[in-house]
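Have a look at the structure below before the remarks.
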Amino acid sequence: MTTPEEMIRFIADLYPICRSITGDGVRETLRRVQRRIPIEIHEVPSGTQVFDWNVPREWNIRDAWIKNPRGEKIVDFQRLNLHVLNYSVPVHEKLPLAELKTHLFTLPDQPDLVPYRTSYYKEAWGFCLAHNQLLGLEEGEYEVLIDSTLEDGSLTYGELFLPGETEEEILISCHVCHPSLCNDNLSGLAVCTFLAEELAKAPRRLSYRFVFIPGTIGSITWLALNEENTKNIVGGLVAANLGDPGLFHYKKSRYGFGDVDRAVRQVLADAGEEHRIEPFVPFGYDERQYNSPGFQLRVGSLTRTPYGRYPEYHTSADNLDLVKPESLVGSLRIYLAVMGVLDGNRRYRNLNPKCEPQLGRRGLYRMIGGDDQGRQRELALLWVLNYSDGQHGLLDITERSEMSFDLIREAAEALLEVGLLKEIA
Amino acid sequence: MTTPEEMIRFIADLYPICRSITGDGVRETLRRVQRRIPIEIHEVPSGTQVFDWNVPREWNIRDAWIKNPRGEKIVDFQRLNLHVLNYSVPVHEKLPLAELKTHLFTLPDQPDLVPYRTSYYKEAWGFCLAHNQLLGLEEGEYEVLIDSTLEDGSLTYGELFLPGETEEEILISCHVCHPSLCNDNLSGLAVCTFLAEELAKAPRRLSYRFVFIPGTIGSITWLALNEENTKNIVGGLVAANLGDPGLFHYKKSRYGFGDVDRAVRQVLADAGEEHRIEPFVPFGYDERQYNSPGFQLRVGSLTRTPYGRYPEYHTSADNLDLVKPESLVGSLRIYLAVMGVLDGNRRYRNLNPKCEPQLGRRGLYRMIGGDDQGRQRELALLWVLNYSDGQHGLLDITERSEMSFDLIREAAEALLEVGLLKEIA
Amino acid sequence: MTTPEEMIRFIADLYPICRSITGDGVRETLRRVQRRIPIEIHEVPSGTQVFDWNVPREWNIRDAWIKNPRGEKIVDFQRLNLHVLNYSVPVHEKLPLAELKTHLFTLPDQPDLVPYRTSYYKEAWGFCLAHNQLLGLEEGEYEVLIDSTLEDGSLTYGELFLPGETEEEILISCHVCHPSLCNDNLSGLAVCTFLAEELAKAPRRLSYRFVFIPGTIGSITWLALNEENTKNIVGGLVAANLGDPGLFHYKKSRYGFGDVDRAVRQVLADAGEEHRIEPFVPFGYDERQYNSPGFQLRVGSLTRTPYGRYPEYHTSADNLDLVKPESLVGSLRIYLAVMGVLDGNRRYRNLNPKCEPQLGRRGLYRMIGGDDQGRQRELALLWVLNYSDGQHGLLDITERSEMSFDLIREAAEALLEVGLLKEIA
């Protein structure tokens, strides 16, 4: 089983890479994922039309800095890749402070942090820095360099399909386009990678599809190229913000009552995890694309603190200090449990539907009556027998009984063994 | 736009008229309404059968009084028309106090107020007066005069139809049968008159039908004579008690989930008006007829303090002091907003339903990413796009998004303009 | 009408009998029931297969005791039949205290009470006694006698069918298998007996079927032998624990929205009885068999304090002191009222569905208008008229109106009398 240390090491290894929605940063990231799980890496050429969008030109960057009037590097991409406005066009010029300032982004309310900014669809260049540093800049002429390229190339994404007994698929999606940000991006990437690794180890009833994609344009591209494949998707999760110490938050699918919606609720309840469940809203991460009216895939998003609600979000403080090894492993455990519920949510028919069967002679019931403390295991047997009427699956029965899914599943297995149940498709 | 002064002047002008369910009082009232809006005035002969009822004989009154043993007029119809039991048959006789008392109505719990009483369907005569006055009456022989007529004639009502793009109609109904009572009767009459005046000024998607009718027998008569016309009615409101300073109260239609039911709730919420929403009950004003099982029109009733729940109700204290100009105009504004929501509740289809369209290149989205405060206008665009799936109208989307209807409507208009939506019938 | 004294006398008479799931105790009990109501007594031979079960051998007992090393009877069946493990096989032997103890059952947490224990499906013998007595037992050799027989015979149950206008049946079930226990068993037996007696006195719209059966094996046997007869059962109640002074508790049928479920709720509300309504769970009394997936009869259970939730449950303290005459009669009254609602839950069609009929000329409405305190009786008339649209029965209308069932039923009867309603099937 995955250890906290493995997960944090995986994130630390990916942290320095400068990712964007295209380019070598994503490629390198996906190659490192490949060391653990056999994802296929796909390249989609710039200019490919994907629904209303086009795959943009590929962006790569080698270096970037600002030198002050005295020639000192005061902002250096090599030290923190957030310093560059992501997708900046190349520039190398000298300019006075006043003009430079029109290209600088800061966070006046968090004056020591460097913000994360992008300009994917409008050509621009810029730098991000701490507001306090901006305040201290002396007048004079500054030299700026951004050694980047924005050229025809491709958009890169990774995909892994784990086939199961049935064609029904669960889609697990994470974005891979953020540079040095740990909770937003790398935590989801880590949970997905280790989740796939664990799921690959054992037989599965359902099939699982993992996609590692740049945000927005990545999911749009994947949906455009794989529209036929979405027919089998019965539900899914968008994974992000899974390393901070906050409570779990589940944002429901647009449909709201899908198996994934219900499984997540059940798992968080069974785990005794305080949590929040929120309705679907058509903004956020890639669930907005999966739930667009032309697809309506039943994809929710299970995070710890949601995007935008923790102060470190999209700043240099979303670093290795923010993500906690035990949070990461706790998140992985919850994801595994959700998949466990979905996979174990079989439906049975009670083969002795008229009155209760005699559990005693099958070794499933206490032998001396009169003990008025009904044991939980016996009650679970009765729940499964009563509701295995062809209409209820184990998750339905779990919800009705207010017992844990595990207890109900174990009861079903015991009854199956003595021939009182039959699985139905 | 209508001013508070116009509304209060309109009411003050109508206040002295002695109205009843038939007769010249209603006729004169409707003629004054005609000065502002082109209602048609209909006359339905006495005796006409209207479902289980017959149009009653027409009642008119010229004078009425009680003289005490000393020949002094102590109760005088000319000073307050509530003094006469409405629909009193003519009488002119002398009688001792004890016998007179069997014809007197007072309010022991509100001893200074004169009650409003009627006897439409049983021939009777009587007077209403303050309980304190009753207590002071000396023994002796009194003279009473009621110079009224109850003869074949007709029942009078007014109707105005404002056609729209579609045949679907909203029915707005108020009663016009109460004598000198301001909140119960005249406030509804005023709101309906000025509402029609405002709606007539601009093009309409829906059609609007206004009926100005005597309570109960008027709506029964109108329904009996216009049964075919009710096919197009998709919802409606009964207007009454709209001038007092109380909270808005909405009594839902029998169906309870009609567009009018939802629009009223939305408008009151958007306006930040504290309010109460109550279930349908089969008594009250004319909504009881519109919602009878043979019609089941989706007609609710939007009032301020409902009938019977303010102490001045059906007493001489329901006078010009009770209705407030700003309450009247506030009520008119809410009624206009409800019609605005109903009229604007169009349904669109997202023409780019697979994933989000690129709003940026259509000038609908911020150009530099990274601003983590999603602006409301942009979110409204996303709500409209996501739910314009052929199943949801703008009111549905408003409810789901928990935004205001105006924000959603503006988003829809912006999307329509750039060709991302198409209206569906 | 039944008196509290009659009910308590009936219970006191049955209390000393040693009942079990088979045997002469049940037979004698049913014979005494027959003195009040004409139940048929059925005998089902041992070995008869009933679904997954077989009718067990018949158990009868004449005597049982334990003598201490000094030959003194320290535990005596003749004084309290709970002292014998119910269904004990015969035994007569001497054995040391240590070995005897493996056959003794006590309640360490209620050290003065004798528990009630059974061993129906595993051959065993044993005694139940107060824990404090156990603690005082001296070392030495004890003599035990259980003079019982376990032989082929039959299972006995009683049944009474009260036919009504329609074939639709209400099933009332109580268990008759407990020995000297008053609240659990005898209170239900008493309520069922007196309920049948009352119902038999007047004509009925519905039919009623009473079954007096041993718990679990009895209902399974009855269902197996009467499977065809269950087609007409539209709902039912399992009666138990109806003599203690606790609140009423209603456990809903598996379906949860049946007429019985709704009638019980209505009756308890109308009676102003504080009560609890609980969801169905597939354990408890015989409702577990009636609600098994192969039957899904809409049978709930209406008790006072439910089984297992009062400290005297299944102990010697569930005796004549626990059951209160006024509780018994109160329970009977509620059961009668539930049957009254079910029987009276007719459905009518308003023959004047378009607008209200004129109630005044039919003598159903106040003659002088203006009395602003709508009288409840008149409102009930309007509720019945408005909702007698072919879709709502009187119980539906009662629920919507939030009035009492009696008020609504009386209104329907008044309207029926003047020809405004017609009953529909």
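Computed from the coordinates by the stated procedures, all read-outs in this text should not be read as laboratory data. Note that the structure is a prediction, hence the values are computed from the model and not measured. Using ideal geometry, Cβ is built from the backbone for each residue, glycine included, and neighbour counts are taken over all protein chains shown.
Quick look at the numbers
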| read-out | value |
| --- | --- |
| The protein assembly as shown shape via C-alpha gyration tensor axes, a/c threshold 1.5 | oblate |
| Cα gyration tensor, the stretch B:173-238 - rounded (a/c under 1.5), prolate or oblate | oblate |
| Averaged over A:289-299, number of beta-carbon atoms from partner chains that fall within 10 Å | 4 |
| Distance between the stretch B:20-41 and the stretch B:105-180 - C-alpha centres, whole angstrom | 16 Å |
| Proximal charge balance of C:Met1 [Cβ under 11 Å; K/R count +1, D/E count -1] | -1 |
| Label-point gap, in nm, between A:Glu417 and B:Ala425 - each point 7 angstrom along Cα→Cβ | 6.4 nm |
| Residues in the stretch A:396-423 that a label on A:Ala271 would reach, taking backbone N under 17 Å of a point 7 Å out along Cα→Cβ | A:404-407 |
| Principal axis box of the stretch B:269-381, alpha-carbon based, largest edge first, Å | 66, 39, 20 |
| Pairwise label distance in nanometres, C:Lys201 with B:Thr48, each label 7 Å out on the Cα-Cβ vector | 5.7 nm |
| Nearest-first distances (nm) between copies at C:Leu351, label 7 Å from Cα via Cβ | 6.0, 6.0 |
| For C:Ile233, net neighbour charge (Lys/Arg +1, Asp/Glu -1) across residues whose Cβ lies under 12 Å away | -3 |
| Of all DSSP beta bridges in chain A, antiparallel share, percent nearest 5 | 65 percent |
| Nearest-first distances (nm) between copies at B:Met1, label 7 Å from Cα via Cβ | 6.5, 6.6 |
| Relative contact order computed over chain C (Cα-Cα under 8 Å; 6+ residues apart), in percent | 16 percent |
| For B:Glu273, label point 7 Å along C-beta direction: distances to other copies, nm | 4.5, 4.6 |
| Overall dimensions of the stretch A:1-116 by Cα: Rg and Dmax, Å | 18.1, 57 |
| Angle between chain B longest axis and helix B:405-417 axis [Cα atoms, degrees, rounded to 10] | 40 degrees |
| For B:Ala64, residues with placed amide H under 5 Å, excluding near neighbours | B:Phe77, B:Gln78, B:Asp147 |
| Within chain A, helix-based [θ] at 222 nm, where runs of 4 or more DSSP H residues each add -39,500 (n - 2.57), nearest 500 | -8500 deg cm²/dmol |
| Global geometry of the stretch B:38-82, whether rounded, prolate or oblate, following the gyration tensor of its Cα atoms and the 1.5 cut on a/c | prolate |
| Globularity ratio of the stretch A:169-303, using Cα Rg and 2.2 N^0.38 Å | 0.99 |
| Inter-site label distance for A:Arg70 and C:Arg36 at 7 Å from Cα along Cβ, in nm | 10.6 nm |
| Innermost chain C residue relative to the axis carrying C onto A, by Cβ distance in angstrom | C:Phe257, 11 |
| Estimated FRET transfer efficiency when R0 is 60 angstrom, pair B:Phe257-C:Val89 (beta carbons, to 0.05) | 0.35 |
| Local net charge near B:Tyr208, Cβ-Cβ under 11 Å (Lys/Arg +1, Asp/Glu -1) | -1 |
| Distance cut-off 30 Å, percentage of C-alpha pairs in chain A lying past it | 49 percent |
| Set of the stretch A:288-331 residues, backbone N closer than 15 Å to the point 7 Å along the Cα-Cβ line of A:Gln133 | A:315-318 |
